[in-house]
Amino acid sequence: NAGVTQTPKFRVLKTGQSMTLLCAQDMNHEYMYWYRQDPGMGLRLIHYSVGEGTTAKGEVPDGYNVSRLKKQNFLLGLESAAPSQTSVYFCASRDLYRGIGEQYFGPGTRLTVT
Amino acid sequence: GENVEQHPSTLSVQEGDSAVIKCTYSDSASNYFPWYKQELGKRPQLIIDIRSNVGEKKDQRIAVTLNKTAKHFSLHITETQPEDSAVYFCAASKDIGGFKTIFGAGTRLFVKA
């Protein structure tokens, strides 16, 4: 199993450009999450999904949109990138049927907005 | 809102010494407390976790304690080694509302050889 994968690994955007980050998991997990990680601030939840076709806002959702059209994929979109969105983005998934427990993280996407 | 505070932000110890990282949480409904280790440029990985019905859990050199009344939990690493150097995150979660997890800001641990 590949676990949780993310594409791309790195990206540089100009202010105002748009992009989509893709997260894929092959563990048949119901729950998926998008976090951003900034120095000194830990991981902050952007959006999450409790199953195919569902999404919900986390702590810092502004400026981002998400979609979960297929159970294995969770997409994070930036419609008009801003320098404040420069960060490392991590996707994670969790198995609903084992109850509360470990989140499995992807390798991260480093995004720079100039 | 829900919050997890973590201290210290930086910790430097001599190889072989113990390291202790402390966290407090605000949501009394939290019932799952994982600790993640993140090495430079890598993804966070779970090293130990504890559920609210347990006061202490140990796994080799790592132990976690939980005081639900005070809403405190701590990570203890004994006989530290240089490979323990990393950033450690505590977190609090509850089994409702999407199992959302709130993370502390992290502790950068340096183990000097």
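The values are calculated or read from the model by the stated rules, or taken from the named source; none is laboratory data. All figures in this text were calculated on a predicted structure; none of them were measured in a lab. Ideal geometry is used to build each Cβ from the backbone, glycine not excepted, and the neighbour counts take in all protein chains shown. Only protein heavy atoms, including side chains, enter the accessible area calculation; ligands, DNA and RNA are left aside. Shrake-Rupley method; radii C 1.70, N 1.55, O 1.52, S 1.80 Å.
On the basis of being over 11 Å from the mean Cα position of the chain (by Cα) and within 23 Å of B:V87 (Cα to Cα), does A:G53 make the cut? Judged against the criteria, A:G53 is not a match.
Can you tell me which residues in region B:78-113 are more than 24 Å from B:N53 (Cβ to Cβ) and part of a strand (DSSP E or B)? Selection gives B:A86, B:V87, B:T107, B:R108, B:L109, B:F110, B:V111, B:K112. Applying the criterion of being more than 10 Å from every other protein chain (Cβ to nearest Cβ) and among the small types (G, A, S) to the residues of region B:1-29, the residue that is nearest to A:Y89 (Cα to Cα) is B:S26.
Please go through region B:76-89 and give me each residue that is within 12 Å of B:I21 (Cβ to Cβ) and either touching a Leu at 6+ places or on another chain (Cβ under 7 Å) or facing another protein chain (nearest Cβ under 8 Å) (or both), ordered by number. Matches in region B:76-89: B:D84, B:A86, B:Y88, B:F89. Among the residues of region B:1-18, those that are assigned to a loop (DSSP other than H, G, I, E, B) and either open to solvent by less than 50 Å² (accessible area, probe 1.4 Å) or charged (D, E, K, R) (or both) comprise B:E2, B:P8, B:E15, B:G16, B:D17. When A:R110, A:R68 are checked against the criterion of being of a type in the set (K, R) and open to solvent by 50 Å² or more (accessible area, probe 1.4 Å), a single residue qualifies: A:R110.
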